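Undergrad: Below you'll find the structure I mean.
The values are calculated or read from the model by the stated rules, or taken from the named source; none is laboratory data. None of these values were measured; they are calculated from a predicted model. Positions of Cβ are backbone-derived with ideal geometry, glycine not excepted, and every protein chain shown enters the neighbour counts.
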Amino acid sequence: MKNEITLDRREVVAQILKQRGDTLVVTGLGSTCWDATAAGDDPRNFYVWGAMGGATMIGLGLALAQPTRRVLVITGDGEILMGLGSLATVAVQHPANLSIVVIDNERYGETGMQDTHTRSGVDLAGIAEAAGFPYSARVHTGQELQTLIPSLYTNDGPTFAAVKVMARSYPTVLPARDGTYLKNRFREAVLGKKAFE
Amino acid sequence: MGNKNTQSSVAWPGELFQVLKGANIRQVAYVPDAGHSRLIELCQADQQIKAVPLTTEEEGVAQLAGAWLGGERGALLMQSSGAGNCINMLAMASECRFPMLMLVTMRGEWGEFNPWQIPMGQNVQRVLEAIGVIVHQVDEAARVAETVNAAARLAFDTSRMVAVIISQRIIGFKDWNATQGTP
């Protein structure tokens with residue numbers, strides 16, 4: 001069962017975001033924040049610098065508010081493990097336009113690369129599937145990744161994917177860190193002038 | 001529901017619902033509480049409102065942040081025991097100045113007899129204030145609607161976190177002779 005892990009997280013995130021179109025993106029705290037920034041900053045990215053366990057639910061609120069736009073949450077295994085209940089909450093709402101990708105290195109990258117539960121075999125995609133996600137994928141290879149990417153933007157139902165990536169450290173690429181600025185520029189990108197009415 | 005409501009207190013959930021409608025609230029996130037049961041039913045039945053049950057209250061804080069990013073207003077309904085669950089997520093709302101309207105029905109306060117409710121119930125206001133939430137307390141049924149109306153204006157017009165704490169005095173004692181009920 002245990003496949004060798006060869007995917008590079010920065011390349012995975014860059015490849016996913018290359019095909020985003022007008023998708024709205026929420027990142028989890030830590031490495032996925034830096035991955036998305038390294039792939040190219042964009043005002044339609046909301047970088048979460050804290051609020052561990054909250055990325056999925058930020059994505060849900062956004063997906064419910066913008067049902068005609070695609071919403072993509074890119075987060076880490078440690079981040080989503082802190083908010084597993086939110087997978088059940090999302091499945092119950094069944095948003096057609098929300099996809100969640102976990103960049104799973106089986107480590108807490110920001111605190112010294114300690115093992116997360118996925119290192120011991122906890123199967124996040126299985127949890128999402130059991131919660132009721134109609135689409136849930138385990139991705140280990142480049143080929144599986146290429147199959148996954150278009151589905152993130154076209155599936156008609158909540159989509160979950162756990163992408164296994166190598167447990168390597170990368171240079172930190174920081175986006176803006178002021179939360180109010182990140183919020184306002186995101187809202188302006190989505191809502192235009194109405195953002196400030 | 002085991003609550004001994006007086007005549008005047010029965011109307012407040014309906015009035016509160018009208019306030020939420022008037023404030024253009026489109027997402028209502030909640031962990032069920034007996035005190036909010038009527039309001040939750042009204043929200044579930046409304047075509048314009050997305051009523052979202054949560055597994056834990058902090059999910060609602062994150063959801064309402066996402067709702068605001070997408071241009072919608074939301075409200076979070078919870079029992080006082082849920083306030084503590086929200087604190088780290090509220091740190092995001094504080095840093096980002098997300099408007100946050102929270103309606104908290106109290107336990108561990110007026111006439112409580114479950115001792116396990118006391119430690120959180122007695123500290124709801126100071127815990128919320130410690131993380132930067134503006135707290136309005138209301139202990140008369142007739143003032144619930146006007147207080148929530150003021151709280152909604154404050155939250156959305158000034159991008160602040162505002163909680164309305166609805167006293168157990170309004171909700172009524174829990175009737176422990178009833179056959180059903182949670183602590």
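Undergrad: Among (1) within 12 Å of another protein chain (Cβ to nearest Cβ); (2) among the polar types (S, T, N, Q); (3) over 26 Å from residue A:58 (Cβ atoms), there is one condition residue B:117 misses while meeting the rest; what is its number?
TA: Here residue B:117 clears every test but (1).
Undergrad: Quickly run through segment B:133-183 and pick out the residues that are at pLDDT below 95, among the β-branched types (Val, Ile, Thr) and either buried (at least 16 other Cβ atoms within 10 Å of the Cβ) or in a strand (DSSP E or B) (or both).
TA: Residues satisfying the conditions are B:170, B:171.
Undergrad: Can you name the residue in segment B:54-68 that is more than 18 Å from residue B:132 (Cα to Cα) and touching a strand residue (DSSP E or B) at 6+ places or on another chain (Cβ under 6 Å) and, of all such residues, is surrounded by the fewest Cβ atoms within 10 Å (Cβ to Cβ)? Don't jump to the end; show me each part of the working.
TA: From segment B:54-68, those more than 18 Å from residue B:132 (Cα to Cα) are B:54-56, B:59, B:63, B:66-68; that's our starting set.
Now drop any that are not touching a strand residue (DSSP E or B) at 6+ places or on another chain (Cβ under 6 Å), which leaves B:54, B:63, B:67.
Details: B:54: 26, B:63: 34, B:67: 31.
Per the criteria, the residue is B:54.
Undergrad: Within segment A:71-78, is there a residue that is in a strand (DSSP E or B), among the small types (Gly, Ala, Ser), under 17 Å from residue A:117 (Cβ atoms) and touching a helix residue (DSSP H, G or I) at 6+ places or on another chain (Cβ under 9 Å)? So that I can check it myself, show each step before the final result.
TA: Residues of segment A:71-78 in a strand (DSSP E or B): A:71-76.
Keeping just the survivors that are among the small types (Gly, Ala, Ser) gives A:76.
Subset that is under 17 Å from residue A:117 (Cβ atoms): A:76.
Retained after the next criterion (residues that are touching a helix residue (DSSP H, G or I) at 6+ places or on another chain (Cβ under 9 Å)): A:76.
Yes; the residues of segment A:71-78 include at least one that is in a strand (DSSP E or B), among the small types (Gly, Ala, Ser), under 17 Å from residue A:117 (Cβ atoms) and touching a helix residue (DSSP H, G or I) at 6+ places or on another chain (Cβ under 9 Å).
Here is a yes/no grid of residues against (1) aliphatic (A, V, I, L, M); (2) within 14 Å of another protein chain (Cβ to nearest Cβ); (3) part of a strand (DSSP E or B):
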| site | (1), (2), (3) |
| --- | --- |
| B:63 | no, yes, no |
| B:67 | yes, yes, no |
| B:71 | no, yes, no |
| B:77 | yes, no, yes |
| B:90 | yes, yes, no |
| B:102 | yes, no, yes |
| B:112 | no, no, no |
| B:126 | no, no, no |
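Undergrad: Checking residue B:118 against (1) part of a helix (DSSP H, G or I); (2) surrounded by 16 or more Cβ atoms within 10 Å (Cβ to Cβ); (3) without any contact (Cβ under 8 Å) to a residue 40 or more places away in the chain, only one condition comes out false. Which one?
TA: Among (1) part of a helix (DSSP H, G or I); (2) surrounded by 16 or more Cβ atoms within 10 Å (Cβ to Cβ); (3) without any contact (Cβ under 8 Å) to a residue 40 or more places away in the chain, the lone unmet condition for residue B:118 is (2).
Undergrad: Something else now. Considering only residues that are in contact with a Lys or Arg (Cβ under 6 Å, 6 or more places away or on another chain) and either surrounded by 17 or more Cβ atoms within 10 Å (Cβ to Cβ) or within 11 Å of another protein chain (Cβ to nearest Cβ) (or both), which ones fall in segment A:146-197?
TA: The answer is A:153, A:162, A:165, A:180, A:189, A:195.
Undergrad: Scan segment A:83-91 and tell me whether some residue there is under 22 Å from residue A:120 (Cα atoms), free of Cβ contacts under 8 Å to residues at least 24 places away in the same chain and facing another protein chain (nearest Cβ under 9 Å).
TA: yes
Undergrad: How many residues does segment B:48-61 hold that are assigned to a helix (DSSP H, G or I) and facing another protein chain (nearest Cβ under 8 Å)? Lay out the reasoning, then the answer.
TA: Taking segment B:48-61 and keeping what is assigned to a helix (DSSP H, G or I), we get B:57-61.
Next, only the ones that are facing another protein chain (nearest Cβ under 8 Å) stay: B:58-61.
Matching residues across segment B:48-61 total 4.
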